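Some notes on the structure that comes next.
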């Protein structure tokens with residue numbers, strides 16, 4: 001089924017629990033992370049632990065990609081299966097912005113000089129909040145505090161710096177910072193039309209994939225920030241009342257297979273970075289990854305840098321609420 | 001077939017009651033299922049005591065005041081503009097060739113689903129849209145689209161215009177139908193003979209005659225405009241959205257506690273609609289009083305040269321915008337690279353369709369199945385009711401008619417929410433049965449309204465002659481009435497399919513998000529997907545009802561090609 005948002009699937013499972021439907025549920029497998037995962041974990045809505053019951057799970061790179069076992073500072077405990085990595089990148093049209101920017105502060109400066117040419121997705125959208133969280137990493141006096149639950153005393157100095165920066169940036173955003181694209185993908189047609197020159201993405205291969213589909217100009221390129229960018233993993237989870245648990249596990253295991261992972265990482269397909277530890281794979285599987293084509297629009301490996309951990313979910317909640325209060329009314 | 005019809009018609013009055021139960025059940029149970037959680041009662045979610053907390057939650061929601069204001073303003077404006085445009089056109093274009101042209105354009109515009117038209121309209125008027133491309137860069141100097149919100153604007157103008165594109169033609173159609181039932185031409189001639197100008201004669205003599213028949217359609221337009229979701233998602237501002245969109249957003253939030261303020265919000269929407277309907281009644285009273293004095297004064301004149309030019313021009317512009325919107329959808333679905341400010345795509349290709357064919361087939365098939373099933377059931381019920389009417393000399397009272405209009409007057413959100421909870425209880429949520437049932441609530445009234453007048457206008461002598469020749473009621477129905485009524489029956493079926501193919505909220509709720517139709521897919525994609533893919537979905541969404549209309553026109557023409565008396569008037 002097509003949902004506009006993962007939260008709709010979560011809502012459905014919660015509704016079914018409320019209606020007393022403990023088996024034969026309508027959702028078998030959910031693509032989930034962040035607050036949705038936390039909500040389901042806390043309310044005991046997940047089946048499992050499942051991860052180590054899947055044969056292909058042994059190749060998951062738990063050391064090198066800690067986001068596969070800790071989701072937004074919340075231990076996953078095998079209740080969800082990581083199936084692809086994601087990392088914040090910025091996509092720019094090199095024909096209009098030849099030199100990548102290196103910090104969120106530089107973005108604000110650039111926007112002042114080029115009003116209306118950048119934006120971020122709506123704050124209700126996870127990528128919209130991620131834009132603010134990315135800025136928080138650069139602006140907060142104490143980066144370590146972001147990994148702990150947000151308390152008033154930690155929040156205040158970080159928030160002050162954040163909103164001061166945002167107030168400098170916002171008037172120069174697309175549509176004067178009064179309206180925002182509803183989602184990440186909604187930014188693509190805007191760049192294709194020439195309305196936007198720079199936008200945030202959570203997929204290092206988005207530009208390469210979109211160029212191939214004719215959804216972005218050939219001149220689209222990708223950059224990351226000097227201080228690093230936030231990364232996380234996408235998970236699959238099985239609701240406690242799933243009607244087809246075995247099939248759901250088989251699907252999740254298939255998505256973890258080297259074959260599926262390599263295909264997903266192919267920029268001609270999805271371009272999703274793998275969760276697997278390539279060094280641990282048998283040589284013939286490693287070769288699948290080595291054979292993938294490179295694209296000038298895509299960043300991989302070292303060029304991406306080691307991802308920053310997602311802040312504790314409470315930061316996201318607080319910042320969203322504060323944004324709504326300040327700019328949403 | 002024969003036995004089925006006999007069975008259907010044997011006990012007709014109870015059938016009608018049964019039809020109404022099928023019909024009223026979901027609406028009333030749904031309303032109750034919305035009302036209770038709005039006051040804190042939803043035991044499944046831990047709401048076991050009546051309270052006002054949901055209302056507190058609703059009132060504290062950021063942006064609520066602006067959402068309500070936006071809802072009321074856009075709903076009233078869309079209704080008022082649609083009405084003025086349709087009546088202005090009628091008054092100004094009577095007897096002109098433009099009137100017949102417009103009438104010919106009505107069917108395709110009305111058949112096109114709201115969502116498809118809204119998407120096409122957005123393609124047309126967006127900053128990077130077709131209009132901007134035509135005049136750029138030679139006239140505007142725009143090498144890049146201007147940074148101006150022409151869709152999803154703060155005042156909701158795009159939303160109002162998008163609604164007017166559909167509602168003004170609908171009201172015109174209703175006016176045309178009403179005009180056919182009153183001696184309008186005769187009355188006009190008399191008034192003109194008494195020295196009234198053509199427009200004033202129409203306003204003073206014809207409008208009062210047809211207005212009673214426009215009351216319910218106008219109310220349906222008002223209720224729809226206030227509570228519409230799909231058009232508001234496509235053309236309206238995301239922050240703050242209209243009340244209906246805001247409520248829908250809460251309903252799909254993972255935090256189920258939001259269901260309570262959402263229920264309260266649905267009730268608030270119902271209250272807004274009822275208040276707007278009351279306002280309309282009050283305005284009608286005032287207008288009638290003022291109008292009567294105006295008519296009694298007997299002032300002559302009223303050539304209204306300006307109106308006679310402006311109204312057809314504006315109405316024509318609306319029809320043109322609809323046609324261009326549809327053309328734009330089709331073009332995008334076949335477009336290769338098409339960058340701003342190119343007026344036309346650099347190349348045409350079927351690549352989008354080829355890539356999407358797999359994904360699009362399923363929702364297309366579901367759309368067709370639901371539409372055909374709902375329409376067939378509606379046709380069977382309506383035919384049974386109409387046949388019962390003519391056999392027993394029954395005539396539905398005002399109350400029955402009001403019930404028929406109920407699903408069109410109550411905001412969909414207000415009862416679909418409660419009904420979904422009930423469907424979950426029945427284990428029917430997300431099934432095709434539930435979706436067809438939900439569609440039936442909206443298909444049935446339109447099929448009835450479309451078929452009732454032609455059926456009742458059927459010359460009773462033909463049926464009587466057949467009866468005299470020894471045919472039983474069943475044979476008369478099958479061998480005389482149905483063939484005579486082939487054209488209106490097929491038109492009613494096409495109307496039913498068009499209504500079903502365009503339904504968004506009922507599909508979303510009864511289908512529990514799992515039954516994907518072209519409409520739900522297109523609205524989801526309208527969030528910002530590739531315009532070429534969106535164009536393909538919206539084109540197909542519009543093509544389905546258009547095809548139904550074309551068949552409804554072609555089949556009788558083919559079957560009756562050598563029956564002069566059966567040709568269209």
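The values are calculated or read from the model by the stated rules, or taken from the named source; none is laboratory data. Remember, it's a predicted structure, so these values are computed and weren't measured experimentally. FYI the Cβ positions are ideal-geometry reconstructions off the backbone, even for glycines, and counts take in every protein chain you see.
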Within the range B:144-154, is there a residue that is farther than 26 Å from residue B:233 by Cβ, surrounded by fewer than 22 Cβ atoms within 10 Å (Cβ to Cβ), modelled with pLDDT under 95 and out of contact with any strand residue (DSSP E or B) (no Cβ under 9 Å at 6 or more places or on another chain)? yes
May I ask you to say which residue of A:170, A:175 is at pLDDT 90 or above, more than 22 Å from the chain's Cα centre (by Cα), in a helix (DSSP H, G or I) and at positive phi? A:175
Kindly check whether there is at least one residue in the range A:307-319 that is in contact with a helix residue (DSSP H, G or I) (Cβ under 9 Å, 6 or more places away or on another chain), surrounded by fewer than 19 Cβ atoms within 10 Å (Cβ to Cβ), in contact (Cβ under 8 Å) with a residue 60 or more places away in the chain and within 14 Å of chain B (Cβ to nearest Cβ). yes
Out of B:473, B:483, sole residue that is free of Cβ contacts under 8 Å to residues at least 40 places away in the same chain and more than 29 Å from residue B:166 (Cα to Cα): B:483
Tally the residues that are at negative phi and over 18 Å from the mean Cα position of the chain (by Cα), restricting the search to the range A:181-201. 8
Could you give every pair whose Cβ atoms fall below 6 Å, whose first residue belongs to the range A:163-176 and is within 14 Å of another protein chain (Cβ to nearest Cβ), and whose second residue is surrounded by fewer than 18 Cβ atoms within 10 Å (Cβ to Cβ), counting only separations of at least 6 or pairs across chains? A:172/A:112; A:172/A:115
Do we find that residue A:57 is buried (at least 17 other Cβ atoms within 10 Å of the Cβ), at pLDDT 90 or above and touching a helix residue (DSSP H, G or I) at 6+ places or on another chain (Cβ under 7 Å) in this structure? yes
Could you please find all residues in the range B:156-181 being in contact (Cβ under 8 Å) with a residue 24 or more places away in the chain and loosely packed, with under 14 Cβ neighbours inside 10 Å? B:181
Over the range A:19-44, the set of residues at the interface with chain B (Cβ under 10 Å from one of its Cβ atoms) and assigned to a loop (DSSP other than H, G, I, E, B) is A:19, A:20, A:21, A:24, A:26, A:27, A:43
Give the range B:130-143 a look and list any residue that's surrounded by fewer than 20 Cβ atoms within 10 Å (Cβ to Cβ), part of a loop (DSSP other than H, G, I, E, B) and touching a residue at least 60 places away in the same chain (Cβ under 8 Å), or say none. B:137, B:142, B:143
In the range B:38-75, the residues that are more than 20 Å from residue B:243 (Cβ to Cβ) and exposed (fewer than 15 other Cβ atoms within 10 Å of the Cβ): B:43, B:46, B:48, B:49, B:50, B:51
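Here is a yes/no grid of residues against (1) in contact with a strand residue (DSSP E or B) (Cβ under 8 Å, 6 or more places away or on another chain); (2) part of a helix (DSSP H, G or I); (3) within 14 Å of chain B (Cβ to nearest Cβ):
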{"residue": "A:13", "(1), (2), (3)": "yes, yes, yes"}
{"residue": "A:17", "(1), (2), (3)": "no, yes, yes"}
{"residue": "A:79", "(1), (2), (3)": "yes, no, no"}
{"residue": "A:98", "(1), (2), (3)": "no, no, no"}
Output yes when any residue across the range B:210-228 is within 14 Å of chain A (Cβ to nearest Cβ), surrounded by 23 or more Cβ atoms within 10 Å (Cβ to Cβ), closer than 15 Å to residue B:523 by Cα and out of contact with any strand residue (DSSP E or B) (no Cβ under 6 Å at 6 or more places or on another chain), and no when none is. no
Name, by its number, the condition in (1) more than 21 Å from the chain's Cα centre (by Cα); (2) at pLDDT below 85; (3) crowded, with 18+ Cβ neighbours inside 10 Å that does not hold for residue A:8. (1)
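Residues are listed down the side, and each one gets a yes or a no for (1) under 30 Å from residue A:149 (Cα atoms); (2) in a helix (DSSP H, G or I):
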position	(1), (2)
A:273	yes, no
A:284	no, yes
A:289	no, yes
A:294	no, no
A:299	no, no
A:302	no, yes
A:306	yes, no
A:310	yes, no
A:323	yes, yes
Can you go through B:283, B:269, B:290, B:306 and tell me which one is touching a residue at least 24 places away in the same chain (Cβ under 8 Å) and out of contact with any strand residue (DSSP E or B) (no Cβ under 6 Å at 6 or more places or on another chain)? B:269
From the options B:312, B:363, B:341, B:337, residue that is outside any helix (DSSP H, G or I) and either under 25 Å from residue B:541 (Cβ atoms) or under 28 Å from the mean Cα position of the chain (by Cα) (or both): B:337
With modelled with pLDDT of 90 or more and outside any helix (DSSP H, G or I) as the only criterion, which of B:543, B:501, B:516 stands out? B:516
Test: residue in the range A:283-303 that is within 14 Å of another protein chain (Cβ to nearest Cβ) and crowded, with 17+ Cβ neighbours inside 10 Å: no
Restricting the range B:411-447 to residues that are crowded, with 22+ Cβ neighbours inside 10 Å and not in a helix (DSSP H, G or I), the one farthest from the other protein chains (Cβ to nearest Cβ) turns out to be B:411
Surrounded by fewer than 24 Cβ atoms within 10 Å (Cβ to Cβ), away from chain A (no Cβ under 14 Å), in contact (Cβ under 8 Å) with a residue 24 or more places away in the chain and out of contact with any helix residue (DSSP H, G or I) (no Cβ under 6 Å at 6 or more places or on another chain) - does that describe any residue in the range B:487-507? yes
